[in-house]
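Following: one structure in structure tokens, then a few remarks.
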Amino acid sequence: MAAACVNNNNDALIVIVITLFLIITLPSSSMAGSNFNQQVDITWGDGRGKILNSGKILTLSLDRASGSGFQSKNEYLYDKIDMQIKLVPGNSAGTVTAYYLRSDGISWDEIDFEFLGNLSGDPYVVHTNVYTQGKGGKEQQFYLWFDPTANLHTYSILWNPAHIVFYIDGRPIREFKNLEGVGVSYPKNQPMKLYSSLWNADDWATRGGLVKTDWSQAPFTASFKNLKANGCVWSNGVSSCNLSSSNSSNNNNSWLSQQLDSNGQRKLKWVQKNYMIYNYCSDINRFPQGLPLECTLRTT
């Protein structure tokens, strides 16, 4: 009996050791395939952008001489993109951390997240915008309901044929619908790359440029992790997605037809009611001849 107990204990110990080994050595599903070395190129900053920890972490820095930035290796014609970002802590007034999709050319399309720095203790401002054919002017701004400098948070852009949705930690904060049928332009023809940068914008970023960058706080640094781009890769004029398919879930592209359900709409309204601080659709002084058409339809 004693020998049997010893064997059972040994077997249990072996199972525990193997389990711990697998937990430690195998990547989690959220990390699988997330490697900045494979996904992006640091494009400017003279060494101020760094890929660390075998590709798992990327940092961008800004000092008086220069900021820094990176772009994705792939370009996409429709995309669902998620990335965790930890913003510049402390007195970051005057700095902007940008995270956006953009096409090439003088008549470009663009989908923007911009995080406007602050004085210590003041909230960050999240600035969003949508450009089509080089024309933007569709700004909405929000305060955050958490400290974005204390931990990583997930910022996402869903861009499909029906709409663009901006998310923070899975919570929608803005929806811009495709209303081409009633004459509102929508980005759908130009493939875009993902870009991110950290730069000085103290001529406008904090309180309209009233608060300048305190360079004694430099270098300013933002951190990035877990980039996931589940998009239609565009290469040589061909998309990796079958956009004509009536059932996009067959090829793991269910996001191509993803809509906001009733729960998503409630979450969206909660953010806009409690944290929106600017909406171009409410700025009647800016549009004395009448608000843009999409504003009158209450769809943005």
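Working from the Cα coordinates of the chain, the gyration tensor eigenvalues give, after taking √(5λ), semi-axes of 37, 27, 20 Å in decreasing order.
Let me make sure I get this right: for the stretch 142-300, a, b and c are the square roots of the gyration tensor eigenvalues over alpha carbons, sorted descending. Under 1.5 in a/c it's rounded, otherwise prolate if a/b > b/c, else oblate. Which is it? Don't skip to the end; give the middle numbers.
Values: a/c = 1.72, a/b = 1.27, b/c = 1.36.
The shape class here is oblate.
Partners of LYS50 within straight-line reach, counting aspartates and glutamates whose Cα lies under 14 Å from its Cα and excluding those fewer than 8 residues away in the same chain: ASP41. Reported to the nearest whole Å, the Cα centre-to-centre distance from the stretch 260-281 to the stretch 92-117 is 21.
Mean separation of Cα pairs under 8 Å and 6+ residues apart, divided by the residue count of the chain: what relative contact order is that in percent?
Details: 621 pairs, mean separation 70.2, N = 300.
Relative contact order for the chain comes out at 23 percent.
Within straight-line reach of LYS188, meaning a Cα separation under 23 Å, sit the following lysines at least 8 residues removed in sequence or on another chain: LYS73, LYS80, LYS135, LYS138, LYS177, LYS228.
Place a label point 7 angstrom from the Cα of LEU210 along the Cα-to-Cβ direction, then list the residues of the stretch 91-134 whose backbone nitrogen is under 18 Å away. Residues passing the 18 Å test: 92-95, 116-126. For the stretch 216-224, putting each phi into the Karplus relation 6.51 cos²θ - 1.76 cosθ + 1.60 with θ = phi - 60° gives couplings of 5, 8, 6, x, 8, 9, 10, 10, 10 Hz, in residue order, rounded to whole numbers and with x for Gly and Pro. Here the 3J(HN,Hα) profile of the stretch 204-212, calculated from phi with Karplus coefficients 6.51, -1.76 and 1.60 at θ = phi - 60°, is 8, 5, 10, 6, x, x, 6, 9, 9 Hz, Gly and Pro shown as x.
Ordering PHE166, LEU77, TYR99 by Cα displacement along the dipole of the chain toward the positive end leaves PHE166 in first place; charges were set at the Cβ atoms of Lys, Arg (+1) and Asp, Glu (-1). Calculate for the chain the 222 nm mean residue ellipticity that helices alone would give, adding -39,500 (n - 2.57) per DSSP H run of length 4 or more and normalising by residue count, nearest 500 deg cm²/dmol. Counting only the DSSP helices, I get -4500 deg cm²/dmol. When VAL211, VAL40, VAL182 are sorted by how many other C-beta atoms sit within 10 angstrom of their C-beta, beginning with the fewest, the order is VAL182, VAL211, VAL40.
Computed from the coordinates by the stated procedures, all read-outs in this text should not be read as laboratory data. Please read all numbers here as calculations on a predicted model, not as lab measurements. Cβ atoms come from the backbone with ideal geometry, glycine included; neighbour counts cover every protein chain shown.
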